[in-house]
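Inspection log for the structure reproduced underneath, given as structure tokens.
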Amino acid sequence: MPLPRTRGTALRHRLAELRGPDVPAKALDARALAALAANPGCKRRAILDGAGVNKAALANALGSPSVFGQSQFAFTRGNTFEAKVKADGGAELLRLVHEKLDRTAEPPAHARVPELTATGPEGRTARTALALREATEARGEWTLFDHPMLALDVAGSPAFLEPDAVVVHPDGSWTVVEIKSFPMLDGSADPAKVGAAARQAAVYVLALERIAARLASDSAPAPRVRHRVLLVCPKDFSNLPTASAVDVRKQRAVTARQLARLTRIEDIADTLPDGTCFSPDLPAADLTTAVESVPATYAPECLSACELAFHCRARSRASGAVTSLGRSVRAELGGLTTVEDVLSAARGETGDPDDPAVAALRRAARLRAEALGVEVAACR
Amino acid sequence: MSLIATLARLEAVHTGRAQPAATVRHRHLSDRPLVFVPLTTAGEAGAPLGALVGTDRDAPHLLVVPQPRDRDLRFAFLAELADVVLPYIDTHADAVEAAERNETDPETGKRVKVEVELCADAPQLIVPSRAGVDYVRLLGRSMRFRRTADQDPETPYPAPPRVPLLGRWLTHFGERARVPGSSLLLAMTDVLSRHWATGQSTLEDQHLGALLAWIAPPEGETGAEAALRAELARDREGQLLWPPAGPATDPAFDNKLLAPAIDRYDRARTALAAAEDGLEADDRLGDLTAAEREIRALVESRTRPTWDAVWHGLDLLRSHLPEAGRHVEERWTRDRWSFTGHRDRVLAGEPPQPRRDDAVTAANKLSAREREQARLEAQEALDDPLVMAGRRLAGEAFAGEVTEVVMAYSEGKRPSPRPLVTVRTDDRPHLGERAKVFRSLGGKPQAAEFVGYEETLGKDGNDGENGPGGEDGGVLLVLRVLDKMGRGKEPEAGSVPEKGDRVCFTLFEHEQRGGAKLPEPEETPWTHGGPPGEQVPEAADPLTEEDVL
């Protein structure tokens, strides 16, 4: 007799069907997290990420390959740097945590580095949670978690996250550590990259807070997850680590709010026609139909955050959407959403002259024509 | 983006070609600019891979670092770069003209005029994109604290003689590029997108190839199609047909072509070092040279298209747009002053620019940038009717016809002319009570005061009809002209608009006044860290094991 399907397992089955038979789920990586923050309203991205679809493979199959790739030089350098930071039982890393975040605590002479290996992401998540509990109870000691696994509920399905490191302080509080290979030059780094790192770390903080809440009991309050994370970067032009505390309260609040209002994946899944599947093995035409069955909200910012962006851009341009020129463009045009609508309104062929957006457009068109010395095409 | 610019973008989408965003050229272009197309190594800070540089579009200098992580090769690259850039700078430093500058006399404390030198022309560096400007800064920072063997015989890895000097110059160029309207160091994408509106977003305009594709699409193709090819088209080996303008390279190029070539080079070098006799060494030297030549060819193949694109951009700017004249010239003179100032600092033996500015210097830089931004906005509007149209749309300026001039005089012992001018305009300026407005009179701003709308004065009695937003959209407004009419009782000829004249007034000032003066650095208040104290020479960056391979 089959077991009664709960809502949770039903969704998991549904998402597996969307992914296609025998296609493994892809974990939510840093880029997906960034996209989450950059474009929370996009249903297409939400369902594809939620179902663990490999969007890069999907984009290839659709004929609009993404341009993301990592140079092996950057990859090697990043790995070397991370290894160097964590070398020697994380001595250097803990020294930086102590110096930048917790100067009043005992200096970390030695630290516990718990073993976190287990089978599968679920196993590793459970192992991490257990080790976190032990470390928090072991007051007065420093503990370094090297690549722990955390789970965060994103739009109704668990996403697995792997921070570079988490440190448990002697007072039992937790700190997220992000190790990046872009340089900190004279104490300052590229603000865009720091922002991306902060958004990523904020997601880890949220995931840790969920675990911490579960550790709370009558005898002990939930351990504190620090809202200042440690960003470790190479110093100037060298390979020596330097670090800076980054306050992620704002990013944490934004992400928490976006996670809460994310369109629930099951609701999106319910709107899809039966048999929809995003397996990259399907013919391009079928995939296009499948992808088109979920609405996207494309904006040029997607180009730096989402593998599917070139596909969505081509669609957006083909439909003449003004948003393909930028969100701000869309904002100043009121109810006019396509290029043709706007231009014909500006020429005075369509549109209500009492609509302030239309009136402003006509004035703009007239002034522009006057400045360029062309005959004014439209009556005023 | 103003609505006018948005409209231009939409027209570009519609017509498939970039549309004008300016009617004149708002940036100075040197007759002999130095174009610099650098490439960098992914993941490393300040590890150049190569560059094309030079003033002759047909004969660029190709500089290559076959193993970017080798310090000696990096120094060799920087020394070669110095050999191209510094002579170019020197040719401009030597030709001077006499100029005057206001200085405070140290003894009397009065402002006096002093005779100084001003370089007759300044060098101009052009890079493909904004990332290139940042890279110039980064290179400058990586070099200016290095020590040569002459400066410090003890230094473990002395830099070649002119490298620290090149670092100081590149730092100066990078710093100057942050001043709005300056042209010492220009990013081609910025200059092009200032003058043309494409049918893509500003983000996509950062791609030089795509931007040029919109401005000058090939015969029979729309800008959108050509731009898409420039962005994404790859050959059968998966390499981009139009490599990115840099300094970052395409990961596919790094992984498939560059990494194997560098491996071959490394192997050839190890083999050469292990050679046991002269004959064997000769053989292996041949291998090494071949490996190096291969990397040079790769770097050239990725920089040459960008090099050509930059020159193509220069052609377009020169052939399509006349230079805006006086104001562009004036801003270029400021660039010449900036160049001359730095030349003098170098000649006087001052230390390189510090890692961090002190409080007063930083505040001065910020206020200078704000002032230059305001100046640039005002000057561009005065130079270019299309920019002025944007200001008119925003209610910050108005143009119209003079319908009436009534002579009036100020009250007081010596009455001066204060004529009342009525202007009919279709624009909708945001005029407050007694708001000051300005028009350009022979290149100088003439001020007037807003008196009121015609019907509120009740002169013609048909109130409301010509009021703001009247039936035909036009308004009549009355202005009182305040200055530039000479000293006499009657205004000088031509200083007051006449009936039937077309006039254009702005609500913003044409010339920027400096802000409040900041204290001297020695008098920095304690709230801002106190006086910086005696300047200590900044130490060079410590060298770490990782630099040496």
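Numbers at a glance
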{"item": "Residue check for B:THR249: within 30 Å of B:HIS195 (Cα to Cα), within 14 Å of another protein chain (Cβ to nearest Cβ), at pLDDT 90 or above and within 37 Å of the chain's Cα centre (by Cα)", "result": "yes"}
{"item": "Test: residue in the stretch B:374-382 that is surrounded by fewer than 17 Cβ atoms within 10 Å (Cβ to Cβ) and within 14 Å of another protein chain (Cβ to nearest Cβ)", "result": "no"}
{"item": "Qualifying residue in the stretch B:210-219 (condition: over 26 Å from the mean Cα position of the chain (by Cα), touching a residue at least 24 places away in the same chain (Cβ under 8 Å), assigned by TED's automatic domain parsing to the domain that holds B:PRO20 and on the phi < 0 side of the Ramachandran plot)", "result": "no"}
{"item": "Condition met for B:ALA359 (surrounded by 17 or more Cβ atoms within 10 Å (Cβ to Cβ), over 30 Å from B:LEU321 (Cβ atoms) and among the aliphatic types (A, V, I, L, M))", "result": "yes"}
{"item": "Lone qualifier among B:ALA120, B:ALA79, B:ALA59 - being surrounded by 14 or more Cβ atoms within 10 Å (Cβ to Cβ), in the same structural domain as B:PRO305 (by TED's automatic domain parsing) and hydrophobic (A, V, I, L, M, F, W, C)", "result": "B:ALA79"}
{"item": "Residues satisfying the stated conditions in the stretch A:83-110, i.e. surrounded by fewer than 18 Cβ atoms within 10 Å (Cβ to Cβ) and closer than 12 Å to A:ASP146 by Cβ", "result": "A:ALA83, A:ALA87, A:GLY89"}
{"item": "Selection within the stretch B:247-258 - touching a Phe, Trp or Tyr at 6+ places or on another chain (Cβ under 7 Å) and part of a helix (DSSP H, G or I)", "result": "B:ASP254"}
{"item": "A:GLY50, sole failed condition from (1) touching a strand residue (DSSP E or B) at 6+ places or on another chain (Cβ under 9 Å); (2) assigned by TED's automatic domain parsing to the domain that holds A:SER181", "result": "(2)"}
{"item": "Leading residue by the ranking (surrounded by the fewest Cβ atoms within 10 Å (Cβ to Cβ)) among those in the stretch A:328-366 that are touching a Ser or Thr at 6+ places or on another chain (Cβ under 6 Å) and in a helix (DSSP H, G or I)", "result": "A:SER344"}
{"item": "Residue within the stretch B:56-73 that is farther than 18 Å from B:ALA159 by Cβ, modelled with pLDDT of 90 or more and under 22 Å from the mean Cα position of the chain (by Cα) present", "result": "yes"}
{"item": "Residue within the stretch A:182-192 that is polar (S, T, N, Q) and under 16 Å from the mean Cα position of the chain (by Cα) present", "result": "no"}
{"item": "Of the criteria (1) surrounded by 14 or more Cβ atoms within 10 Å (Cβ to Cβ); (2) small (Gly, Ala, Ser); (3) at negative phi, which one A:SER293 fails", "result": "(1)"}
{"item": "Lone unmet requirement of (1) closer than 16 Å to A:PRO223 by Cα; (2) in contact (Cβ under 8 Å) with a residue 60 or more places away in the chain; (3) aliphatic (A, V, I, L, M) for A:ALA138", "result": "(2)"}
{"item": "Test: residue in the stretch B:378-386 that is part of a helix (DSSP H, G or I), more than 16 Å from B:ARG502 (Cα to Cα) and out of contact with any helix residue (DSSP H, G or I) (no Cβ under 7 Å at 6 or more places or on another chain)", "result": "yes"}
{"item": "Single condition B:TYR157 does not satisfy, out of (1) surrounded by 19 or more Cβ atoms within 10 Å (Cβ to Cβ); (2) in contact with a Phe, Trp or Tyr (Cβ under 9 Å, 6 or more places away or on another chain); (3) not in a helix (DSSP H, G or I)", "result": "(1)"}
{"item": "Spans of strands (runs of 3 or more DSSP E) in the stretch B:5-65 with at least 2 residues without any contact (Cβ under 8 Å) to a residue 60 or more places away in the chain", "result": "B:48-54, B:61-64"}
{"item": "In the stretch A:212-228, residue surrounded by the fewest Cβ atoms within 10 Å (Cβ to Cβ) [restricted to those that are touching a Ser or Thr at 6+ places or on another chain (Cβ under 8 Å) and either on the phi > 0 side of the Ramachandran plot or not basic (Lys, Arg) (or both)]", "result": "A:LEU215"}
{"item": "Helices (runs of 4 or more DSSP H) enclosed by the stretch A:42-118 - at least 1 residues per element that are without any contact (Cβ under 8 Å) to a residue 24 or more places away in the chain, farther than 30 Å from A:ALA314 by Cβ and not aliphatic (A, V, I, L, M)", "result": "A:72-101"}
{"item": "Given (1) assigned to a helix (DSSP H, G or I); (2) within 29 Å of B:PRO251 (Cβ to Cβ); (3) not hydrophobic (A, V, I, L, M, F, W, C), number of the condition A:PRO148 does not satisfy", "result": "(1)"}
{"item": "Residues that are away from every other protein chain (no Cβ under 14 Å) and charged (D, E, K, R), drawn from the stretch A:166-182", "result": "A:ASP171, A:GLU178"}
{"item": "Some residue of the stretch B:278-300 being within 13 Å of chain A (Cβ to nearest Cβ), in a helix (DSSP H, G or I) and out of contact with any helix residue (DSSP H, G or I) (no Cβ under 7 Å at 6 or more places or on another chain)", "result": "no"}
{"item": "Residue check, B:VAL360 in the same structural domain as B:VAL496 (by TED's automatic domain parsing) and among the β-branched types (Val, Ile, Thr)", "result": "no"}
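The values are calculated or read from the model by the stated rules, or taken from the named source; none is laboratory data. It should be emphasised that the depicted structure is a prediction, and the values quoted were computed from it without experimental measurement. Methodologically, a virtual Cβ is constructed for each residue, glycine included, from the backbone with ideal geometry; neighbour enumeration extends over all protein chains shown.
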